[in-house]
Structures are given as structure tokens and as C-alpha cells.
1. Order the peptides B:26-38, A:314-326 from the highest to the lowest mean number of other Cβ atoms within 10 Å of their residues.
2. Given B:103, B:153, B:142, which one lies farthest toward the positive end of the charge dipole of region B:101-173, if we put +1 on the Cβ of every Lys and Arg and -1 on the Cβ of every Asp and Glu?
3. Counting partner chain Cβ atoms within 10 Å of every residue's Cβ in B:45-53, what's the average?
4. Pick from A:92, A:181, A:134: which residue has the top mean-square fluctuation in a GNM of chain A where Cα pairs under 10 Å get a spring?
5. Can you give me the distance in nm between label points at residue B:253 and residue B:483, each placed 7 Å from the Cα along the Cα-to-Cβ direction?
6. Per residue of B:146-156, how many C-beta atoms from partner chains lie within 10 Å of its own C-beta, taken as a mean?
7. Relative to the Cα centre, what is the charge dipole magnitude of chain B, using +1 at the beta carbon of each Lys and Arg, -1 at the beta carbon of each Asp and Glu, and rounding to the nearest 20 debye?
8. Of all accessible surface on the protein assembly as shown at a 1.4 Å probe, what whole percent is carbon and sulfur?
Amino acid sequence: MMFLRYAVYRFFTMLLTLWVVSILVFVIINLPPGDYLSNQIAELRATGQAEGVAKAEFLRTEYALDRPLWEQYLIWVGFSPGPNGFSGLIQGDFGWSFEFDRPVGEIVGDALWLTVLVNLAAVLFVYLIALPLGVLAAAKSETWVDYTAGFVGYLGLATPNFLLALILFYYGHKYFNLPIGGLMDPVYEGQPMSWLKVKSILLHMIVPTFVIGTSGAAAMMQRLRANMLDELSKPYVETAKAKGLAPAKLLAKYPLRMAFNPFVADIGNLLPAMVSGSVLVSVVLGLQTIGPYLLAALKSQDQFLAAFVLMFVALLTLIGTMISDMLLVLLDPRIRYGGRGA
Amino acid sequence: MPPILEVDALTIGFGNAEPVVRDVSFSVNAGETLALVGESGSGKTLTCRSVLKILPEAAQMRSGRITFAGSSGAVNLLDASERQMRQVRGNQISMIFQEPMRSLSPLHRLGNQVAEVLHIHRGLSLSAAKREVLEQFEKVGFVDPERAWRSYPFEMSGGMRQRAMIAMAMVAKPEVLIADEPTTALDVTTQAQVLGLIRKLQQDTGMAVILVTHDLGVVANMAQQVVVMNKGRVMEAGRATDVLGAPAHRYTAKLFAAAPMIPEVAKPARAMARDDVILDLHNVTKTFTLRAGGWRKPVQVTACRDVNLQVERGKTLAVVGESGSGKTTCARVALGSERPDAGGEVLFHPGSGQDPLPVHDMTTAQRTAFQREAQMVFQDPYSSLSPRMRVLDALTEPMDIHKIGNRADRRDKAAEMLRLVGLNPDMLGRYPHAFSGGQRQRLSIARALTLDPKLLICDEPTSALDVSVQEQILTLLEDIRDHAQLSYLFISHDLAVVARIADEVAVMRAGVIVEQAPPDTLFYNPQHPYTKALIAAQPEPDMSRPIDLQLVAKGAGAPTSWPEMFRFDGPDAPALRELEPGHMVRCHA
């Protein structure tokens, strides 16, 4: 029951945070003077295209850009009615992209779940690589196993992602006939889900997952190794040894369990780091994630699109942190029973 | 019958360096207790760990034999493979460690950790092992074994955790138990009970015990055989009655002289005069609010309640109590680092006849002046000195902060302070890691003295030190007090230490002072059951005066378990009454 209460509490704090984030995002996006439409109107006036001006003026009133900033905010979120009644984020209307001249929801539709997919795969990759390597490096510290793992790790940290991407594409295509660029074969784009489409996506994801995950995995591995080394010198490890526990079991049951906390706590940080870190990679690899859209929107002050993408990344982060917080409560009795006992 | 465990000419070393354990031999019989006695660095811990071969990786066992003649025949453990050793560990020879908190995993339930032993050695599943584990829990004194099975270590007190450790070591019915300073981290009353428990379990099972300790009092209460070690060598070995009765070696005699003892007192002391008080704690209560997280209700904990204490100028007032009794909170309030709850105040009298200053209500200038005159010496000399500051910097920093003198003056003062605490002024350029524990504590005392304070608050200044070093530090503190007319507020858990240095003692329990008197009065005529328990629990290095466990049990429990006259529950404690001049006891009229 305690846990359920905590989950509810955590969910509400998440909503509260999300609300604060929405204000920040909106303010920051509106900090530079002017907006997409006023820039465009100025440009059209200068070149004397009157009909374009009319359309832009229409969009300005349609999306309430002529109103004070606080009103714009309330309308955008959906707290107060705009020119067309309540129609904001809460109601599921994400606004209009002036750059692409289409509703935001339509543009990012596919990209959203592809982003989630690519990044989840990358996170999974990070954990699958970092966990065994980190534990091994700590258990065999100061031997060739440790040094090799460390070397590979630093290599992963030091290699620029896009460079790694290009190299992998070249060799992946040459030796394994892996596809280059994109997240699926162009014939499947806009098609309904099918077995072949899934297969194509999976095949296309191999290189991006590797590229986006490597540096994260390297950093995580080093952290886990350091945590494990700390734990290995603790007296409870000695106790377990004095019980007659075999080394592998001992390692898994006691120090790993203890070293796991920071590992779990990192889930929250990992997600946004990967989303924002993978913008460049997505551009280079031609991935249809929201990364490239974010870049384009920020460059042209396409405010609704940019704001939506930022809100989405914030939501991912908050969900990640919530998951890791709740896992920690489940995993660590000291947090669960905090305040009781010593 | 051959001894069950025989260590013969064991030598252990690290790398190419000189051996740290040299030519150590001893043997222990079934049903007998052998005490390995020595100070830190004597090699006693390495020796006992080598029996289970759980030494640090860099340590090499260079020569010798460890013959274990258990029920499965005699083997030389030094030749045994890692696989064979795992059969022995926890099964035939088991071990308990010094710090029960850190030696148990905080993430696993006690039941799981104890039953694991049976899982490893008998192949039992958790639930199959449960019955045996519960039985063992009952034997080590858990009132509710089921609850202990479900508990996590951090939900228990130190004594209970050590009982759980003992249950874990005993559950597979080992033939030899190695106890490495099993009670050093415990309060003295808890220590008495845990020692009693080990003795009782030994009588029941007939196992042999190797007890590693630095405390001759513990030896006298437990051991039949004694091995005294120093710097890796055996100094003296033999039957406990012989070694303790008439120590043959100089080193043993030195340990004896250093062991603090509660003196036999022929008559009570005269009441302390109170005409020149330097520090006055008046009605100090301190409540902490624990906020564990947004979704839980905050918990209110009262660390100390209605504390009234006066430190007389040039004298030592000692506050004695177990961990959690509120003594450190009192010290922190006295220094102004915590504010007492409304209604309490602390007054500081800078000089005789001068107006008192309220410690928690000072101007910035007054506060700076107060900080010069009241200084603190901390418990752990290893963590209270910055490892990155030279001794010179550490000693001159206080003068730096208070802008006293120029560089040369400060340096001279630092050198003078080093001489005062018995160190060589040449050492100013060194870093703290180059000093031993006792030397570091001298450094912290020197640092506290650089501002020529009038009041020194010592928070367990000797409890992290070896007995012989403790003796030196106490002598030093006494000399400085008499030489510089200092006043001490001395916090300790050890009555025997306090017996020596204090002019007045306040015994604290559960946040309140239960008895207060000059030490001689307290030892001559202890009134409160808790004070009696504290005195009775003190292990004396004299085999004819064993610990009276019944007396300990009577007073060491919760305040609700005390005799009618003293009993209280929670906040409604009876008042502190003056029995005779200068002797106050908290009891119902």
C-alpha cells in the first residue's frame, strides 16, 4: 500500500513538474524577438507579395499570436479558449507548424514512436553492454580483463558519434549488407504495420542503436566498475565470504545488488541525454526521429513545433525519473523504510 | 585429545616487505576460549583471518601450518584448495566481525542472510531452513524470531544486529567460532550481554572460540587461554589465570596499567561547589523533525529533554551514556551549533564575575569571540583532520580565521602547541597520514588549543584509540587542563575513562539525565538501575570479578522495564531529585 501511495504521489509531482516545464519552454522559445510569422510578414512586405501577407495575418489571429504572451501560453496549453475554443496540448491539439505548413501532430506522428523505439533500444543496449563488462572489470580489477574493458570503454567515449556512424555504415554495408540510413526501407513509409515493415525497421536499427548507445555504455560501465570496487571492499562482502559462498554467487547477490542503485537511478538521465545527444546522429544517419525536426524548428523559430518537441523530451525524462524512483523504492528497503530504524 | 585448531609458526607478509605476522603459534581445544590480545597493528586480525584464508589479496601466508582437527579428520588449512575452504567456512569454522551494521547486507532480510548458510552447506531451500533459523534466533535472544526473520539490519539496534551475526555464525553448528572484536563497536551494557551470549552458546555446543580483542577486561570474562601479540609477534601466551594474574612480559604489564578501571571507592566525594560556572545549560530540550519524503508524515524525535548542566571553571563535567542517549546533541547545543527548543538556553560566562552571554543569541562580534573561547575535540582523529592540509596549515588556520598575529607569530604558536601536546615541532611540514591515531588526536587537541580557549568540548576523544594510547591522551588532557586552567565538557560512553578525568558525572539515558554526582559518589553509592548496570557491565581485567549479568539486565533495558521507583514511559519522566548534597537521581518520590 505504501508503494501505491508513493506511486500516486510521484505521479502528481510529475504532472506539477511538467506544468512548470511547459512555462519554461514557452518563455524560452519566445525570448528571441519576433516569431516565425512576423518574420515572414516582414519578408513578404519587403518583396511586395500582398496575398502571402494576408494568409500570414490570418494565421497570426488563428493561433492567437497577436495576443499578450501569457494569453498565448494559456491557449497553447489549453487552459483558456483560443479563437476556436479550447484547443491546446491538453485537448490533444499540438498546434501548427509554419515551417512545414502542416499540423504539428501530423508531422511528428510517426517520428514520436520511432524516437521512443530507437532510444529504448539504445538504453537497452547500454545496460546489456555495461552490466556484464562493468561487473567483470571490477571483479577482475587490475588484470588484463579490466584493462581491455577500460580501453574499449574509453575508445567508445572518445570516438565522435557521427564518425562512428559513417564507419559502421560503410563496413556494415560492405560485409553484412546492412542498409544505409533511415529507419526503414522507403517503400514502407506511411504504410500500415506489417511483418516485413517490422523486419525492415529492426534491420535499420542495428547501426543507430550501436552508435547512440556506445558512449552511454562506456560511461555507465566505468561508473558501475567504480561502484562495484567500492562495494567489494565493504565488510559485508567479507561476511559472505566467511559463510563459504562461491565467488560468482557472492558477487551477484551482495555487491552487485548494492552497486545497482546508481545504475537504476540513471535511467531518468539516460533518456533525455540520448534524445538530445542523438539529434546530430539522426541528421547524419537520416533517422526519422524527432531530432531533425527539433533542429529545423529551432532554426526557423517554428514555435509550436519546437515547443512540442521540447515538451515531449521533458515528458520522456520525467517518466524515466519516475520509473527509476519507483524501481529504487522496490529495490532498496532502506529507501522504502526510510526514517524507520537507524 | 588433540586440540581442534592448531596454528604453528605462521608467518604472513605483504609483497617483499618484512612479515607483519611472524612465527605465531597457538592451539585451542574444543569447548575452550582462546583470546588473541593486542593493539591495532599487532597482527591479531590477520592471524585470525588466515584460519579461514580470507586475507586481503596482497597478503601471503609465507610459512607455517594451520591444523584443523574437526569431525572430518585433520587437515592443514594452508594446503586446502579454495573449494575445500568454502566447505569449511561458515560450516565448520565460522566468524563474527566487529561492525554488525556494515558486516550485514542492508538490502537483504536477516532471515535470508542467515538461512543462506544452511543453503550453501546443507543445500536446504529458504523455507526448509526457516525452522532451524528461527530456533537459532530464539537461542541468541530474539523475543520474536518471526519478526527478526523478516527484518532488515537497519531496523535493529547494534546489539540486536550483533546477535543476528552470531545466529548466522552459529546456525550451521560450527566447531570453531572466530570472533574478531565482536563487542568493540557496542555500548558497554550491550557488550556484557553479547559476551554472556557467546559464553552460553559455547557451553551448549562445546565449540572452541577464538576471541580477538584489545580489551583485557573482555579477556578476563571470557578466555581460558591468552595469546598477547605485539607487532606481529607473540609476546606472552598461557592460561588466562596465569597471564592476567601475574603478567610475565613487560608489554602485557603495560597493557594492564593502561586498562581503565572503575576504582573501588571507600567514601563518597564532597558535593561540588558551584560558585564560578563557565557554561550553563538551562532546561535544554532538543526535538528533531525527521522528514523522510514527501509522502510520509514527518516524525518528531526528542534527542534530549530538560537537560540542566553546569560546567565549573577549571573542572571537568562528563556526560556519560550509550549511543542514542542524547549526549552528543547536548554538546552540539552547548557549542551553539544546534538551537535548543523554546524555553531552553545556554549561558557562557567568559570570566569570573562577568556578565553571561546567551550562546544562541549573540551578535556576530560576540559569536566570533565565543568561538575563540570554546573549542571542540572530535572523536575520530582520522576524519577530523583534512588529509590535504599540512600540520602547519591545520594548526594556523584558526588563527588565520580570527586574524591573530602575523605569519611568523602563527608559526611559532603552532610549534609551541605541538610541543605542548608532546610532538616534535619539526613535524609541522608533514601531512596527517604520516601520523598514528594517537598522534593525530594530539594534533586535533593542539588545533583546538591554538586559540587559547577557556572551554574545551571533547566528544569521545579516546574511543577510537588503543588502550595504551587512550591512557596517554587522557594524561595529556589532564595536564593541559591544570596547566592552562581549562574547563572540559567531556562526552563519553565509558565510565572507566570518565572515572579518571571527571570532577562530576551526568549519566544520560533515553534523552534525560538519570543520575548526576561526582564520580566517587557515583561509584560508592550508585542509585539508579542504569548507573548500576553501567558499572556492573564494565569488564575488569580481573578474573575474580566477572561481569554480573543480572545486574546489567536489570538496568540496561528500556525505561519502561526499570523498577517502579524509576520507571517512565516517553516524555513523562520523574523529576531529578537530590538524594544527598551533590547527588541527584531521577526517580519518583
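The values are calculated or read from the model by the stated rules, or taken from the named source; none is laboratory data. Computed from a predicted structure; not experimentally measured. So basically every Cβ, Gly included, is an ideal-geometry build from the backbone, and we count neighbours across all protein chains shown. Surface areas here come from the heavy atoms of the whole protein model, side chains and all, with no ligands, DNA or RNA. Shrake-Rupley method; radii C 1.70, N 1.55, O 1.52, S 1.80 Å.
1. B:26-38, A:314-326
2. Result: B:103, furthest along the dipole toward the positive end.
3. Mean shielding by partner chains, rounded to a whole number: 1.
4. Answer for the Gaussian network model of chain A: A:92.
5. Reported label-point gap for residue B:253 and residue B:483 is 2.8 nm.
6. Taking the mean over all residues of the peptide, I get 3.
7. Working: 64 positive and 67 negative charges, 297 e Å.
Around 1420 debye, computed over chain B.
8. Numbers: 23880 of 41790 Å².
Using a 1.4 Å probe with all protein chains present, the protein assembly as shown comes out at 57 percent carbon and sulfur.
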